[in-house]
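Shown next, in C-alpha cells, is the structure this report addresses.
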Amino acid sequence: MGFAASTARLLMLVARKTDLEFQLQLIQQARMRLANVMDRLFLTLGNLDPNSPQIRQLEILQERIKNQDKRLEVIANRITTQHQAVETEIQAVRKVISKNIASSFGLMGNA
C-alpha cells in the first residue's frame, strides 16, 4: 500500500476509533442514568409499606431497569472489542507508513 493510501486508511481508522469511543461514552451515560433511577427506586421502596400493591409494580420496574443495564453492558463490550481491533489495525498501518517513509528517504539518500 502506498503512502497516500496508507495515510487515508489511517485517517479512516482514527475516525472510526473516535466514533466507537463516542458510542461508548453515550452507553456509559445511559447506564449512569439507569443507576440514578435505581437509586431513587430503592429510596421509594424503603418508604413504602412492604405489603402495599405498589411494591410489586416497583419490583417489576426494577427488573426492567436491570435488564436494560445488562443489554447496554453487552453492547458496550461489543464496542470495546471493536475498539481494540481498530486500535490494533491503526498500529499496523502506522508501521506501514513508517516503513514507507524510511524506504523513501533511503532511496533519496542513495541517489
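The values are calculated or read from the model by the stated rules, or taken from the named source; none is laboratory data. From a predicted model like this one, the values you see are computed outputs, not experimental measurements. Positions of Cβ are backbone-derived with ideal geometry, glycine not excepted, and every protein chain shown enters the neighbour counts. For accessibility, only protein heavy atoms count, side chains too; no ligands or nucleic acids. Shrake-Rupley method; radii C 1.70, N 1.55, O 1.52, S 1.80 Å.
Normalising the average separation of contacting C-alpha pairs (under 8 angstrom, six or more residues apart) by the number of residues puts the relative contact order of region 16-107 at 47 percent. Its Cα centre serving as origin, the chain has a Cβ charge dipole (Lys and Arg +1, Asp and Glu -1) of approximately 340 debye.
Note on residue 94 and residue 33: with the Förster distance fixed at 22 Å, the Cβ-Cβ geometry gives a FRET efficiency of about 0.05. Placing unit charges on the Cβ atoms of the charged side chains and taking the dipole of the chain about its Cα centre, the candidate lying farthest along the positive direction among 81, 44, 15 is 15. Helix 3-47 and the long axis of the chain differ in direction by around 10°, with both axes built from C-alpha atoms. Here is the P(r) of region 35-79: all C-alpha pair distances, binned every 5 Å from 0, give 5, 21, 24, 19, 13, 8, 6, 3, 1 in whole percents. Of the residues 61, 6, 27, the one whose Cα sits farthest toward the positive end of the charge dipole of the chain, with +1 on the Cβ of Lys and Arg and -1 on the Cβ of Asp and Glu, is 6.
About its Cα centre, region 4-49 has a charge dipole of approximately 280 debye under the convention of +1 per Lys or Arg Cβ and -1 per Asp or Glu Cβ, with nothing else charged. Counting Lys and Arg as +1 and Asp and Glu as -1 over every other residue whose Cβ lies under 11 Å from the Cβ of residue 94, the net charge comes to +1. Per residue, the chain exposes 73 Å² of solvent-accessible protein surface, assessed with a 1.4 angstrom probe and all protein chains in place.
Computed over protein heavy atoms with a 1.4 Å probe, the carbon and sulfur contribution to the accessible area of the chain reaches 60%.
Among the listed values [x] 15.3; [y] 17.9; [z] 18.6, the one matching Kirkwood radius over Cα pairs in Å as calculated from this structure is [y]. Straight-line reach from residue 17: which aspartates and glutamates fall under 18 Å, measuring Cα to Cα and dropping same-chain residues less than 8 apart? Within the straight-line limit of under 18 Å, residue 17 reaches these aspartates and glutamates: 87, 89.
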